[in-house]
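The values are calculated or read from the model by the stated rules, or taken from the named source; none is laboratory data. Just so we're clear, the structure is a prediction, and the values are computed from it rather than from any experiment. Don't worry about glycine lacking a Cβ; one is built from the backbone with ideal geometry, like all the others, and counts go over all protein chains shown.
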Amino acid sequence: MGSRKLRIVVMLACLAALALLPFVAEKFYVQLFTKMLIMGIFAMSLDLLIGYAGLVSFGHAAYFGVAGYVLALISPQYAAASLWTTLPVAMGVSALLALVIGALVLRTSGIYFIMVTLAFSQMLFYLFHDTKIAGGTDGIYVYVRPAADILGWKPFDLENVAHLYLVVLALFAGVFVLLRTMLGSLFGRVIEGIRINEHRMRSLGYPTFRYKLACFVISGALAGLAGYLAAIQFGFVNPDMLGWHVSGLVMMMVILGGMGTLIGPAVGAMAMMLLELALQSLPEFGGVNFGKHWQLFMGSFIVLVALLLPYGLIGLLRARGQAGGGNGHG
Amino acid sequence: MAEPAAGEVLLRARGVARHFGGLAAVNDVSIECRMGEVQAVIGPNGAGKTTLINLLSGDLPLSSGRIELRGRDITGLASHQISRLGLGRSYQKTNVFLSLTAFENCRLAAQSRLASSMRFFRPALRYRAPAEAAERALAEVGLEARAGAPLAALSHGERRQVEIAMTLATDPKVLLLDEPLAGMGAEESARIVELLQKLVRDHAILLVEHDMDAVFTVANVLTVMVNGSVLESGPPKQIRASRAVQEAYLGTDDGGQG
């Protein structure tokens with residue numbers, strides 16, 4: 001059973017390497033990795049729904065975007081809000097939104113579930129897009145990042161690039177451990193059972209709706225955490241944060257990375273963003289600017305992964321790991 | 001709740017009916033299951049036996065009628081509520097968790113008897129009761145040797161055994177078994193018949209089954225259904241001798257059920 005221990009060691013090593021990044025890398029890369037880790041949190045939150053509970057939500061941007069908007073709306077314009085109050089409020093609003101939307105959409109399943117989750121997030125998109133309640137299409141700026149002061153003591157400063165990165169990294173690791181723990185609990189077994197055969201779960205005595213709703217709310221709150229961090233990093237929020245485009249992007253990260261593995265979607269998020277950057281810097285060749293048309297190559301990459309890697313990018317590692325060390329298990 | 005006495009009616013359905021459009025799949029059926037008895041329901045295909053079980057277990061809503069479980073009105077309750085009140089069922093079409101092992105299937109079934117599974121932090125492995133109940137249930141159907149095998153790797157007959165073990169793992173008082181022997185080999189069948197004879201001592205069992213040898217071996221009461229209605233109900237001797245049953249079901253050509 002060394003494989004489990006080995007995996008933990010590898011993960012801790014990766015975490016340590018990531019923690020060293022701000023001390024060795026340029027600011028640009030630290031910011032890029034901050035963004036990647038935030039999207040990694042977002043992707044893991046969606047994996048809980050898609051990969052573990054079998055609930056294919058196509059409206060996950062709603063909870064991501066709303067938390068960002070909450071931060072922008074409750075922050076004073078030229079002074080710092082407190083991290084310790086705005087973060088719980090932002091996540092709480094996302095959770096509440098997930099509770100209300102979940103209570104309605106979880107009455108449907110399959111393709112209808114996909115459609116209604118999309119419909120609700122689009123409703124929210126147009127609410128922010130077409131009304132002036134939060135800056136309309138322009139969105140709102142978050143001029144000053146929340147302060148982390150506790151009774152005069154300042155444990156870290158989010159205006160500092162390295163500090164923000166390390167805080168995001170710690171939250172990323174925290175979310176991973178939290179979800180892993182949950183998936184190994186009684187609750188985790190129930191949502192797995194619901195994914196495989198919900199009808200049988202009901203006849204075994206499980207009130208499945210309640211469990212799905214709890215899962216939906218937890219996932220929404222964690223998406224809210226990601227949205228809150230994104231709003232801090234970019235310094236503004238706009239309706240695009242809530243749109244189907246973002247929902248589709250995060251879903252692609254989940255599927256590309258390998259759904260139902262937690263770490264896969266996080267890797268998928270990072271891979272897609274690194275690849276985007278690499279493709280954008282493709283040179284001009286024969287009068288064609290390849291970098292400008294990077295989405296063409298990204299599309300091809302996604303098609304290739306979908307065709308060749310049924311278990312996503314993380315499936316590559318798994319297959320190799322099993323071929324190497326898993327022979328004795330038969 | 002106190003242990004019910006032998007002969008006590010645990011499940012009582014009165015005038016239950018289910019219509020699908022104009023079709024009366026089950027029409028005004030009244031039936032009782034008593035502690036310590038096997039109530040067998042037999043009838044030709046399409047007689048409404050499985051629909052009746054679906055009504056009793058709450059898988060399907062009633063069109064009319066009333067159902068009581070241990071004296072309590074359960075009409076209109078959801079299947080998960082009925083399950084928690086002590087009614088367990090198995091399915092005619094194997095209804096299991098294919099990607100889990102036999103043991104995990106039964107453990108998940110037994111976990112449903114914990115007060116709540118809204119437990120997010122404590123590792124599930126620390127809860128011993130579901131694992132022990134799962135082991136017992138698998139041993140009862142004679143499948144302990146296959147506990148660790150994923151269901152996808154089990155034979156059809158073995159999956160049928162898991163289906164029954166899952167039902168037992170929820171520790172029900174009333175068992176609704178929908179063709180438990182279908183697809184089993186002779187040896188497995190004999191084992192399950194033996195198990196039924198043991199289980200009946202402290203359960204009320206409603207058995208839908210096409211294997212007439214098994215039915216007449218274990219049943220205390222037989223109810224014959226035809227076209228959604230009860231044709232006749234009584235002890236095996238009476239049913240065997242009934243002319244109406246002969247004509248409607250067992251067929252005129254004596255041997256009937258090969």
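The criterion of being small (Gly, Ala, Ser) and within 28 Å of A:Leu32 (Cα to Cα) holds for A:Ser94.
Taking the listed residues B:Ala204, B:Ala169, B:Ala152, the one that is within 14 Å of chain A (Cβ to nearest Cβ), crowded, with 21+ Cβ neighbours inside 10 Å and touching a residue at least 12 places away in the same chain (Cβ under 8 Å) is B:Ala169, with no other qualifying.
Would you mind finding the one in A:Leu18, A:Leu37 that is surrounded by fewer than 18 Cβ atoms within 10 Å (Cβ to Cβ), in a helix (DSSP H, G or I) and touching a residue at least 12 places away in the same chain (Cβ under 8 Å)? Only one candidate qualifies: A:Leu18. Every condition in (1) surrounded by 19 or more Cβ atoms within 10 Å (Cβ to Cβ); (2) more than 7 Å from chain A (Cβ to nearest Cβ); (3) within 26 Å of B:Leu207 (Cα to Cα); (4) at pLDDT 95 or above holds for B:Thr101 except the one numbered (3).
Per-residue answers, yes or no, for (1) closer than 19 Å to A:Gly188 by Cβ; (2) in the same structural domain as B:Val41 (by TED's automatic domain parsing); (3) of a type outside the set (Gly, Ala, Ser); (4) assigned to a helix (DSSP H, G or I):
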position	(1), (2), (3), (4)
B:Arg107	yes, no, yes, yes
B:Ala110	yes, no, no, yes
B:Met118	yes, no, yes, no
B:Glu132	no, no, yes, yes
B:Glu135	no, no, yes, yes
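Scanning the range B:7-27 for residues that are under 19 Å from the mean Cα position of the chain (by Cα) and not in a strand (DSSP E or B) gives B:Gly7, B:Glu8.
Only one of the numbered conditions (1) more than 21 Å from B:Leu176 (Cβ to Cβ); (2) crowded, with 21+ Cβ neighbours inside 10 Å is not met by B:Ala110, and that is (1).
Residues in the range A:294-308 that are without any contact (Cβ under 8 Å) to a residue 24 or more places away in the chain and surrounded by 14 or more Cβ atoms within 10 Å (Cβ to Cβ): A:Trp294, A:Phe297.
Taken over the range B:115-140, the criterion of being at the interface with another protein chain (Cβ under 7 Å from one of its Cβ atoms), touching a Leu at 6+ places or on another chain (Cβ under 7 Å) and not small (Gly, Ala, Ser) is satisfied by B:Arg119, B:Tyr127.
Condition check for A:Ser82 on (1) in contact with a Phe, Trp or Tyr (Cβ under 9 Å, 6 or more places away or on another chain); (2) touching a residue at least 24 places away in the same chain (Cβ under 8 Å); (3) at negative phi: one failure, at (1). Residues that are more than 8 Å from chain A (Cβ to nearest Cβ) and hydroxyl-bearing (Ser, Thr, Tyr) within the range B:79-90 comprise just one, B:Ser90. Pairing residues of the range A:192-213 that are more than 7 Å from every other protein chain (Cβ to nearest Cβ) and closer than 14 Å to B:Arg89 by Cβ with residues that are part of a helix (DSSP H, G or I) and hydroxyl-bearing (Ser, Thr, Tyr), at Cβ distances under 7 Å and at least 6 apart in sequence or on separate chains, gives A:Met201/A:Thr208. For the range A:220-235, check the following and say yes or no: at least one residue is more than 14 Å from chain B (Cβ to nearest Cβ) and outside any helix (DSSP H, G or I). Yes: one or more hits. Candidates B:Glu144, B:Glu158: the one that is without any contact (Cβ under 8 Å) to a residue 60 or more places away in the chain, surrounded by 18 or more Cβ atoms within 10 Å (Cβ to Cβ) and more than 10 Å from chain A (Cβ to nearest Cβ) is B:Glu158.
Identify all residues within the range A:175-184 that are within 7 Å of chain B (Cβ to nearest Cβ) and within 17 Å of A:Leu213 (Cα to Cα); write none if there are none. Listed by number, the list holds a single entry, A:Met182.
When you check A:Phe187 against the structure, is it modelled with pLDDT of 95 or more, touching a Gly at 6+ places or on another chain (Cβ under 6 Å) and surrounded by 19 or more Cβ atoms within 10 Å (Cβ to Cβ), yes or no? Considered against the rule, which asks whether it is modelled with pLDDT of 95 or more, touching a Gly at 6+ places or on another chain (Cβ under 6 Å) and surrounded by 19 or more Cβ atoms within 10 Å (Cβ to Cβ), A:Phe187 comes out as no. Could you say whether any residue in the range A:168-182 is in contact with a Gly (Cβ under 8 Å, 6 or more places away or on another chain) and more than 24 Å from A:Ala79 (Cβ to Cβ)? Yes, that holds for at least one residue. Looking across the range A:217-245, just one residue is under 13 Å from the mean Cα position of the chain (by Cα) and surrounded by fewer than 23 Cβ atoms within 10 Å (Cβ to Cβ), and that is A:Ile218. Remark: pairs (first residue in the range A:267-283, hydroxyl-bearing (Ser, Thr, Tyr); second residue modelled with pLDDT under 90; Cβ separation under 9 Å; 6+ apart in sequence or on different chains) = A:Ser281/A:Gly291; A:Ser281/A:Trp294. With respect to the conditions (1) part of a helix (DSSP H, G or I); (2) touching an Asp or Glu at 6+ places or on another chain (Cβ under 7 Å); (3) farther than 24 Å from A:Gln31 by Cβ; (4) not basic (Lys, Arg), A:Met259 lacks only one, and its number is (1). For the condition over 29 Å from B:Ser63 (Cβ atoms) and either among the hydroxyl-bearing types (Ser, Thr, Tyr) or in contact (Cβ under 8 Å) with a residue 12 or more places away in the chain (or both), B:Ala214 qualifies. Residues in the range B:44-81 that are part of a loop (DSSP other than H, G, I, E, B) and hydrophobic (A, V, I, L, M, F, W, C) were compared, and the one that is modelled with the lowest pLDDT is B:Ala47.
Every residue, every condition in (1) part of a helix (DSSP H, G or I); (2) within 21 Å of A:Ala62 (Cα to Cα), yes or no:
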position	(1), (2)
A:Val116	yes, yes
A:Leu127	yes, yes
A:Val144	no, no
A:Pro155	no, no
A:Leu166	yes, no
A:Glu192	yes, no
A:Gly205	no, no
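Evaluation of B:Gly58 against the conditions (1) free of Cβ contacts under 8 Å to residues at least 60 places away in the same chain; (2) surrounded by 14 or more Cβ atoms within 10 Å (Cβ to Cβ); (3) touching a strand residue (DSSP E or B) at 6+ places or on another chain (Cβ under 6 Å) shows that the sole unmet condition is (3).
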